[in-house]
1. If you look at just the Cα atoms of the range 40-139, how large are its Rg and its Dmax in Å?
2. Could you state the number of Å between the C-alpha centres of the range 117-135 and the range 56-110?
3. Answer with one residue from Ser6, Leu108, Gln70: the one whose Cα lies farthest towards the positive end of the charge dipole of the chain, charges on Cβ with Lys, Arg +1 and Asp, Glu -1.
4. If I model a spin label at Thr11 and Val64 as a point 7 Å from the Cα along the Cα→Cβ vector, what separation in nanometres do I get?
5. Exposure proxy check: Lys54, Lys145 ranked by fewest other beta carbons within 10 Å?
6. If I stretch the segment between Arg90 and Lys125 completely, what's the gain in nm (0.36 nm per residue apart, minus their alpha carbon distance), one decimal?
7. Tell me, Tyr24, Tyr112 in order of fewest to most beta-carbon neighbours within 10 Å?
8. How much length would be gained if the chain were fully extended between Arg4 and Leu79, taking 0.36 nm per residue of separation minus their Cα-Cα distance, in nm to one decimal?
Amino acid sequence: MTQRRSHAVGTGLFIVLGFAALAYLATQTTSLVNVSQGASYTLKARFTNVGQLKNRAPVKLAGVRIGSVQSIQLEPAKLDALVTMSIDKRYNQIPEDSSASVLTSGLLGDQYIGIQPGGSPNSLKNGDELILTQSAVQLEDLIGKFMVNGSSGDSKKK
């Protein structure tokens, strides 16, 4: 009887730890842990392709999270995506000639906005738009280009 009881306790503990691990992963992947609660200001950027970028995705400068994506909307007149970002007020010295890119964490990770600072002495203000942008690089496009270039290179050798 005691051996069955110890197996039951061990199994129950294993299941509880499994659920705790799943809860931890769920909060990390949905960015619920990193939601900013302080004062912020908004910046906008236009992209031709945002890939799998989602609301609440991080906005990073030099690898440090400075804000999050507030909304993503299709602009019907220009047929591009307008991304509105909420930036923490502490980071109000971003030069106005900075650029924004849609980047990916790791090979298959979540996408985020990366800001590369410019050199202008003037800073971005609430509601300003980042003019210099780089859209998301699609993994499928890269694989397609590699396959086409790889096969065309072989045919030239023959």
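Only the coordinates and a few stated rules stand behind these numbers; no lab work does. Model, not experiment: these values are computed from the prediction. For neighbour counting, all protein chains shown are included, and Cβ atoms are generated from backbone atoms with ideal geometry for every residue, glycine included.
1. 12.6, 37
2. Comparing the Cα centres of the range 56-110 and the range 117-135, I get a distance of 11 Å.
3. Ser6
4. Placing both labels 7 Å along Cα→Cβ, they lie 5.1 nm apart.
5. Fewest-to-most Cβ neighbours within 10 Å comes out as Lys145, Lys54.
6. Taking 0.36 nm per residue and subtracting the Cα distance, the gain is 11.4 nm.
7. In increasing order of surrounding Cβ atoms, one gets Tyr24, Tyr112.
8. Result: 20.5 nm gained on full extension.
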